[in-house]
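Engineer: Here it is, the structure, as structure tokens.
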Amino acid sequence: MAGANHPVLFLDKIERRYSQGGTTLNILKGIELGAWAGQSVALIAPSGAGKSTLLHIAGLLEHADGGEVYIDGAATSGLGDAERTRIRRTEIGFVYQAHHLLPEFSAIENVMLPQMIRGLSRRVAEKRGHELLTYLGLGERLAHRPAELSGGEQQRVSIARAVANAPRILLADEPTGNLDPHTAAHVFDTLTQLVRASGLAAVIATHNLELAGRMDRRVTLRDGYIVELA
Ligand code: ADP
Ligand code: MG
């Protein structure tokens, strides 16, 4: 499946159910969703619909109960944990609602760490961290620790960290959920700009319809299935 026309991420008939107190909750019943390079997809659905579950499965953090996750055309369900971890580190970036930055490290160190874990030298990691943070408007904040940054700045550092290893896929779970509307809009614009510029395939869960409107595509979860929105 090589070529520019296939989705970087493809979820094929994904199912996920949870057993709870003798009953089974069918959360995802047959998810079909593709995300293409350079495209941002907004996933808009109420709380409890299964957005986080879907993102965790797409990001190989959780196994599906049925169906297949294709990354760059390759099936992932048969892979072992080591290979799934490798794909997660190199091909997939995550942004969460809370920034999860390491408090004792500076902004640039937080962006350098995933690169060094992957085996890049300190010098290369620092250069990339500097470029990314500058691109995201944080060139004057490189040495600041998370506590010395605003909420919007913290999330922009999280975005830089998520793409530090130049992944193909970006998954974000309500990344602006903790921010005021003005800051949220700024972070969102930064995110969508980065997605286009780096050719990422992005799926971003959000409650914010106004921000979702600025993305390339909108989908929702209805009764365990993906429905495309206008
Ligand atoms: P969302 O992110 O859209 O708010 P989630 O994916 O977190 O939704 O959860 C979807 C549904 O699955 C919820 O009803 C939730 O209670 C249930 N759920 C999620 N994780 C578990 C789990 N580990 N065990 C049982 N139920 C779960
Ligand atoms: Mg959630």
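The values are calculated or read from the model by the stated rules, or taken from the named source; none is laboratory data. Quantities reported herein were computed from a predicted structural model and do not represent experimental measurements. Glycine gets a Cβ as well: all are built from the backbone with ideal geometry, and neighbour counts include every protein chain shown.
Engineer: Are there any helices (runs of 4 or more DSSP H) wholly within region 127-230 with 2 or more residues that are of a type in the set (D, E, K, R), and if so which?
Structural biologist: Qualifying helices (runs of 4 or more DSSP H): 151-162, 181-198.
Engineer: Right, something else. Can you name every residue in region 9-32 that is exposed (fewer than 15 other Cβ atoms within 10 Å of the Cβ) and in a strand (DSSP E or B)?
Structural biologist: As a first pass, look at region 9-32 and keep what is exposed (fewer than 15 other Cβ atoms within 10 Å of the Cβ): 13, 18-26, 32.
The answer is 13, 18, 19, 20, 23, 24, 25, 26, 32.
Engineer: Ok, one more. Is it fair to say residue 15 is more than 16 Å from ligand 2 (Cβ to nearest atom), touching a residue at least 40 places away in the same chain (Cβ under 8 Å) and of a type in the set (D, E, K, R)? Break it down into steps so the answer makes sense when it comes.
Structural biologist: Details: more than 16 Å from ligand 2 (Cβ to nearest atom): yes; touching a residue at least 40 places away in the same chain (Cβ under 8 Å): yes; of a type in the set (D, E, K, R): yes.
Against the criterion (more than 16 Å from ligand 2 (Cβ to nearest atom), touching a residue at least 40 places away in the same chain (Cβ under 8 Å) and of a type in the set (D, E, K, R)), residue 15 qualifies.
Engineer: Taking region 170-208, which residues are within 16 Å of ligand 1 (Cβ to nearest atom), under 26 Å from residue 29 (Cα atoms) and modelled with pLDDT of 90 or more?
Structural biologist: 171, 172, 173, 174, 175, 203, 204, 205, 206
Engineer: Out of curiosity, is residue 143 out of contact with any strand residue (DSSP E or B) (no Cβ under 8 Å at 6 or more places or on another chain), touching a residue at least 40 places away in the same chain (Cβ under 8 Å) and surrounded by fewer than 16 Cβ atoms within 10 Å (Cβ to Cβ)?
Structural biologist: no
Engineer: May I pose another question? Scanning region 48-94 for residues that are without any contact (Cβ under 8 Å) to a residue 24 or more places away in the chain and within 16 Å of ligand 2 (Cβ to nearest atom), which turns out farthest from residue 158 (Cα to Cα)?
Structural biologist: 48
Engineer: Just give me the residues in region 51-68 being closer than 19 Å to residue 91 by Cα, in contact with a strand residue (DSSP E or B) (Cβ under 6 Å, 6 or more places away or on another chain) and charged (D, E, K, R), in sequence order.
Structural biologist: 68
Engineer: Looking at (1) under 21 Å from residue 227 (Cα atoms); (2) polar (S, T, N, Q); (3) modelled with pLDDT of 95 or more, which one does residue 47 not meet, given that it meets all the others?
Structural biologist: (3)
Engineer: Let me spell it out: the conditions are (1) among the hydrophobic types (A, V, I, L, M, F, W, C); (2) more than 13 Å from ligand 2 (Cβ to nearest atom); (3) outside any helix (DSSP H, G or I), and residue 43 meets all of them except one. Which number is the exception?
Structural biologist: All conditions pass for residue 43, except number (2).
Engineer: Evaluate the following for residue 5: is it over 19 Å from residue 220 (Cα atoms) and either over 18 Å from the mean Cα position of the chain (by Cα) or assigned to a strand (DSSP E or B) (or both)?
Structural biologist: So residue 5 passes the test.
Engineer: If we scan region 125-136, do we find a residue that is under 19 Å from the mean Cα position of the chain (by Cα) and without any contact (Cβ under 8 Å) to a residue 12 or more places away in the chain?
Structural biologist: Within region 125-136, none of the residues are under 19 Å from the mean Cα position of the chain (by Cα) and without any contact (Cβ under 8 Å) to a residue 12 or more places away in the chain.
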